[in-house]
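To start, the structure itself, in structure tokens.
None of the figures in this text is laboratory data; all of them are computed from the coordinates on show. As the structure is a computational prediction, the values presented were derived from the model and not from experiment. Here the Cβ positions follow ideal geometry from the backbone for every residue, glycine too, while neighbour counts run over all protein chains shown.
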Amino acid sequence: MDNSLKKIALIGQPNVGKSSLFNRIAKQRIAIVSEQAGTTRDIRKHQVEILDRDAIMLDTGGIDETNDAIFSNVKRKAVECAKEADIILFMVDGKKLPDEKDKELFYELQDLGKKLFLVVNKIDNDKEKESRLWSFYEFGIDEENLFGISVSHNRGTKPLLEAIAAILPPRENEDAQYEVIEDDDDYLEDFLSPIEDINEQAVEDDGEIKVAIIGRVNVGKSSILNALVGEERSVVSPIAGTTIDPVDESFEYKDKNITFVDTAGLRRRGKIEGIEKFALNRTKQMLEKANLALLVLDASSELVDLDEKIAGLVDEYALGTIIVLNKWDENMETFKDMEKKVRRKFKFLYFAPIIAVSAKTGRSIDRLKDKIIEIYENYAQRISTSVLNKIVEEATIRHALPSPNGAYLRIYYTTQFEIKPPRIALIMNKPKLLHFSYKRYLINYLRDNINFEGTPIHILARGKNERADEQDDELVEF
């Protein structure tokens, strides 16, 4: 390790994501990541490369203002570390409002006269960026030093890394800038930064499975929750709309922490009054935080249009999905007949598995638990770039790229740049000319070769000089 390099210190309260960011920048799992506050207590050092610039990364223990001797020692070490650093990344939890402890420590670090960035983690989408990031301006920090990111979703890290790299000195004899040669047939250099397209070991999955249970009223959502958790955690009643407020319940299963959200029953908009209207709004809020959805249908009654509208929420929030046929013990049809009806009704959820259960008797509940784990792993998986390129190359050989108006289309490179759900970029010469039907063909071919059961896939066509996470006018999701 070259101790002459500039040092970057990660400072913040426990459980804000410092170790996850440390691992992502280091491109390997070095710091232990855990939901247990205070997991990191010692200062870890690792030489890192940030956009072709070298530095030493210091990961400090979470600072918690308690009387506990351990945390008091952690704070002392963290502040000492900040004094030795050239750049300080002060990390906070974007899911929470700024608190006085954060402000007090931030001002203390500001007085050190070092380059200080305020990094707001757990900003998972653009809506959260707009609604939550603004509240952290009360720290009095300049806009160019405030960054909203999501380490677990790999969002927003590139601007932060660019700002850090701008401060770090270049390597000796380093070229001023890498140029992409447009005519190079062997172009395989990632158009993203090395951090945006890291290898699969570096993608952090927090292992938190958040499952939203949705469906119209009285289909048995609360009964399924109780059967899955193994206790009567939610009130069960034949009266439609008994569940008003979503009920969160967590438990461990096969080394995974699963949180169920027993959402309020959904009715037609015209029938939503008072507190049930509030419950509908809460349901949508929970879907924003969920990874997976259990779409619960009543197998003992006919499917209705409202079932399809509710299923549209799953599509809207791009969740991993399992279709659950409850009350199967009361159904007289064969599973194959019922499956055909469901597939006709929910064509846009063709990727979702269908499981028939009975919350009353416990039939297939264990199978449903196992399927939740399996679908989450599909939803959170990252496919290596080499595998993706091989599959897409095979697909283009089997079915050649179209030539709209005689234009020659070519895919240079394929990479997955985000998980939960998987988002894949096709780097090509004329991305605007690629028809959505060919994207759909590629997605189906990917599904034939990789287990993406239960998860939507986003595919975007991009030029070499465009970022993969920019909005695509013809984003295809299947």
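Some notes on this structure:
- Exposure proxy ranking, count of Cβ atoms within 10 Å, fewest first, for His399, His435: His399, His435
- Cβ-to-Cβ counts within 10 Å put Asp142, Asp59, Asp329, Asp298 in ascending order as Asp142, Asp329, Asp298, Asp59, the fewest first.
- Taking N as its residue count, the alpha carbon Rg of the range 385-477 over 2.2 N^0.38 Å: 1.00
- Residue exposure sequence - Lys390, Lys464 - by fewest surrounding Cβ within 10 Å: Lys390, Lys464
- Out-of-range pairs (alpha-carbon distance over 24 Å; input Lys18/Lys289; Lys45/Lys254; Lys289/Lys327; Lys221/Lys256; Lys127/Lys464; Lys340/Lys390): Lys45/Lys254; Lys289/Lys327; Lys127/Lys464; Lys340/Lys390
- Beta bridges assigned by DSSP with both partners in the range 385-477 are antiparallel in approximately 60 percent of cases.
- For Thr415, the residues whose modelled amide H falls within less than 5 Å of its own, excluding neighbours fewer than 5 places apart on the same chain, are Ala425, Ile427.
- Cα gyration tensor shape of the range 320-473, rounded if a/c is under 1.5, else prolate or oblate by comparing a/b with b/c: prolate
- Alpha-carbon centroid distance for the pair the range 86-112 / the range 335-397, whole angstrom: 42 Å
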